[in-house]
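The next block holds one structure in the form of structure tokens; read it before the comments.
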Amino acid sequence: MSNENSLVIHLLDKEYRVACPAGEQDNLLSAARYLDEQLREVRDANVIGLERIAIMTALNMSHELLKARQAASQDSESEARVQALLSRLEDEIQAFEDARRKL
């Protein structure tokens, strides 16, 4: 692995060299810090064994991701409903103005 396309990250006091596209170093470091925090949180909850810590952390993070996706989907659906209501309101206002002009 080329050193110019890799980065050293630390997880649970262990060092890992990972591939990293140019310009993504800061994002990868932020992700590694977040992952390390989550791993430590699970370990500190008395989960024993690196594999079990990793699996429980992955499960927790997957749950967070699914909740965030669901919230984003609901926000998107809410926005679509608001847009539909605004469109109906505009149509009603236009119909009212058209009827008023005919009087």
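Side notes on the structure shown:
- Residues located in region 38-67, provided they are under 20 Å from Tyr16 (Cα atoms) and loosely packed, with under 12 Cβ neighbours inside 10 Å: Gly49, Glu51
- Which listed residue, of Ser30, Ser6, Ser78, Ser73, is touching a Cys at 6+ places or on another chain (Cβ under 7 Å) and either touching a residue at least 60 places away in the same chain (Cβ under 8 Å) or of a type in the set (Ser, Thr, Tyr) (or both): Ser6
- Count of region 55-70 residues, restricted to those that are of a type outside the set (Asp, Glu) and within 19 Å of Arg33 (Cα to Cα), is 10.
- Filtered residues of region 6-36 (kept if assigned to a helix (DSSP H, G or I) and surrounded by fewer than 11 Cβ atoms within 10 Å (Cβ to Cβ)): Asp26, Ser30
Every number here is computed from the coordinates shown, using simple stated rules; none is lab data. Computed from a predicted structure; not experimentally measured. Backbone-built Cβ (ideal geometry, glycine too); neighbour counts: all protein chains shown.
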